[in-house]
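What follows is a set of notes on a single structure, which appears directly below.
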Amino acid sequence: MTENHFRYADERFADIQMLRYRLDGFENLTLQQKKLVYYLSEAALYGRDITFSQFGEYNLTIREVLEAIYTDATIDHDTDNFRALEEYLKRVWFSSGIYHHYGNQKFKPDFSEEYLLLCMRHVCHNAIGGMADQLFQQLRPVIFDPEVMPKKVNKADGEDLVKTSACDFYQDVTQEEAEQFYAQMKARHADDPEPPSFGLNSTLCKENESIGEMVWNAESCYGRAIKRIQQQLRKAAEVTENDEQRRVIETLIDYYETGDLHTFNDYCKLWVKCLDTKVDFINGFIEVYDDPLGLKGTWEGLVEYVDDEATRRTSLISSNAQWFEDHSPVDPRFKKKEVKGVSAKVICAAMLGGGEYPSTAIGINLPNADWIRAEYGSKSITIKNITDAYDKAARGSGFREEFVIDQTTLQLIDRYADALDTLHTDLHECLGHGSGQLLPGVDPDALKAYGNTIEEARADLFGLYYVADPKLVELGLTPDADAYKAQYYTYMMNGLLTQLVRIEQGHQIEEAHMRNRALIARWCLANGTAMKLVKREGKTFLEISDYPQLRQLIARLLAEVQRIKSEGDYEAARQMVEQYAIKIDAELHHEVLARYKRLNLAPYKGFINPVLLPQYDEKGEIIDITPYYGESYAHQMLRYSSEYGTLTFKL
């Protein structure tokens, strides 16, 4: 299938547009590399149920009940109730549960309680006898009552974030008890030169007034899924590109067996040093955005292979990492004297799983542990085929024309924005997250619930500051000295205006990346005269009159955010986030939503995975693997539930 005939945009439902991504260059991989991608992809798909379970206690049960109704041919599909249930199920699939993947609020079903009960009695009759009514009574308030478990992750200041969050990381404990438990644990290991990421892979529980951890490993509540992941990883270990890569995979298998976080440290150290391979992967309990305390890792999987041509750009950035660190506008106390092990590649995603599916990041920097970054470095990736899919699907949408202030600015954005946005992502992931250092003795989790927003702001500010630096023109990374203005305009416009299209009227900003962008844009708006919001014919636009001043504002904010991070200044983090990153002007929000609605666009995008199809010879040996792009969204989701479902009770 040629690129000209490739269909990037697929179906649309609710506030979501489904897209497809191409596996460019996959045909050029060796058979061994294709096999490695295939087995790692199987491992990435077997973690799906873990993510559903982490995002809410009832998610897997609700998914299974709805799928049983959806696939029952004896139920009339041509009714408003059924169509509403179908859309609700598609949203559940997309978000790995009943909570919005970005806003965290519970979905409101448009089908009736009576309809669900009737359907449950129908599909459950033969499978579980008289349990339909009992199961319905258990699920009814979870699905229909807006006051019951209303948010997956609550970040409201002054509330018990653990008790008011529906994510299933804590059982019968309060926020105070959880914070005290991990503070004591860290104190007991204060002299550990390689401290583990406490709490990353466990449920914190209370039983008989005693608090302890249920570690996620091959023998835990997630054991059936983890064992299948291990099984595929063992197959992958037999076809690795070198011994170093094989040791990485074997150490990950060992970590899954015990859940020992010291073994996870060993895995991270091996993984970050394993650079001489075409194929790489992420698999495990990684990012902590879905935990209100920023401790527990959501399971995610990503399989990738290197785009050699595009990687030359990121290699140029990473090879100059020390220059960027030395010239950063932050206090010298917070700079790394020696930047170690920064590597950056542009990759093609081959398979998305868990927390990276169907909605995925466009760039990633790992490991997350600050001491590993300092001692061993980090890996950064920019996912080229995902950004390509976004760009190609968005062409001709009218979005820029609606929100950009004038034709001159629009021409600037059309000329430079796509390339500069990719460059900013490279700087954010490759250098931003890897820059700076904590002062001795500062707890990496000192900023608590505000830590994720501050860290994302720090990385974004680093990228914004340097995307305007003459050094990038010198290195050939930007075409001229004015190109950065396109990135400044689109970034600030997004932070002040256009990202509001992703939030329902009356809600506040919840997600850490959105809070970060709002924080930066609103702080710069309030603390300088470089830009302002203006009204033209009843519409609000961003006007930037002084780009050099805006860069200086970004430098000031970067210095302060780095200080907050380096010193672990919780109160300053709290005040900054609460003042700039959360609240929304209701009148402006209404206007932006109305303008966006007229464009008839979906504010959120997600991806349908390709299907990797092995071809076998007469002996049953794989002789080739080819990607297939024709699977529908519903078929893929139902197939994943059938083939990779490990934690459901099977109606």
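When you scan the range 155-188, how many residues do you find that are under 18 Å from Asn104 (Cβ atoms), at pLDDT 95 or above and not charged (D, E, K, R)?
Here the count works out to 9.
Determine which member of the set Thr30, Thr51 is free of Cβ contacts under 8 Å to residues at least 60 places away in the same chain and among the β-branched types (Val, Ile, Thr).
Thr30
Could you identify the single residue in Phe111, Phe136 that is over 20 Å from Gly354 (Cβ atoms), among the aromatic types (Phe, Trp, Tyr) and part of a loop (DSSP other than H, G, I, E, B)?
Phe111
Within the range 611-618, does at least one residue satisfy the condition of being modelled with pLDDT of 95 or more, touching a Leu at 6+ places or on another chain (Cβ under 8 Å) and either farther than 22 Å from Met18 by Cβ or not β-branched (Val, Ile, Thr) (or both)?
No, the range 611-618 contains no residue that is modelled with pLDDT of 95 or more, touching a Leu at 6+ places or on another chain (Cβ under 8 Å) and either farther than 22 Å from Met18 by Cβ or not β-branched (Val, Ile, Thr) (or both).
With the requirement that a residue be within 16 Å of Gln487 (Cα to Cα) and either at pLDDT below 95 or among the small types (Gly, Ala, Ser) (or both), what does the range 516-542 give you?
Listed by number, the residues that qualify are Ala518, Ala521, Ala530.
From (1) modelled with pLDDT of 95 or more; (2) under 30 Å from Ala349 (Cα atoms), pick out the condition that doesn't hold for Thr648.
Going through the list (1) modelled with pLDDT of 95 or more; (2) under 30 Å from Ala349 (Cα atoms), Thr648 breaks only (1).
Of the conditions (1) hydrophobic (A, V, I, L, M, F, W, C); (2) open to solvent by less than 10 Å² (accessible area, probe 1.4 Å); (3) in contact with a helix residue (DSSP H, G or I) (Cβ under 6 Å, 6 or more places away or on another chain), Ile143 clears all except one; give me its number.
Going through the list (1) hydrophobic (A, V, I, L, M, F, W, C); (2) open to solvent by less than 10 Å² (accessible area, probe 1.4 Å); (3) in contact with a helix residue (DSSP H, G or I) (Cβ under 6 Å, 6 or more places away or on another chain), Ile143 breaks only (3).
Among the strands (runs of 3 or more DSSP E) confined wholly to the range 276-369, which include 3 or more residues that are β-branched (Val, Ile, Thr) and open to solvent by less than 40 Å² (accessible area, probe 1.4 Å)?
342-354
Let's see how each residue does on (1) modelled with pLDDT under 95; (2) under 29 Å from Ala393 (Cβ atoms); (3) open to solvent by 30 Å² or more (accessible area, probe 1.4 Å):
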residue: Leu23; (1), (2), (3): no, yes, no
residue: Tyr38; (1), (2), (3): no, yes, yes
residue: Arg48; (1), (2), (3): no, yes, no
residue: Arg63; (1), (2), (3): no, yes, no
residue: Asp78; (1), (2), (3): no, no, yes
residue: Ala84; (1), (2), (3): no, yes, no
residue: Glu87; (1), (2), (3): no, yes, yes
residue: Val92; (1), (2), (3): no, yes, no
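Please count how many residues of the range 543-557 are assigned to a helix (DSSP H, G or I) and either of a type in the set (D, E, K, R) or modelled with pLDDT under 95 (or both).
2
With the condition kept exactly as written, say whether any residue in the range 410-418 is surrounded by fewer than 18 Cβ atoms within 10 Å (Cβ to Cβ), over 17 Å from Arg22 (Cα atoms) and free of Cβ contacts under 8 Å to residues at least 12 places away in the same chain.
yes
The values are calculated or read from the model by the stated rules, or taken from the named source; none is laboratory data. Here the structure is a predicted model, which means the values were calculated and not measured. We place every Cβ from the backbone using ideal geometry, glycine too, and count neighbours over all the protein chains shown. These accessible areas exclude ligands, DNA and RNA; they are computed on the full protein's heavy atoms, side chains included. Shrake-Rupley method; radii C 1.70, N 1.55, O 1.52, S 1.80 Å.
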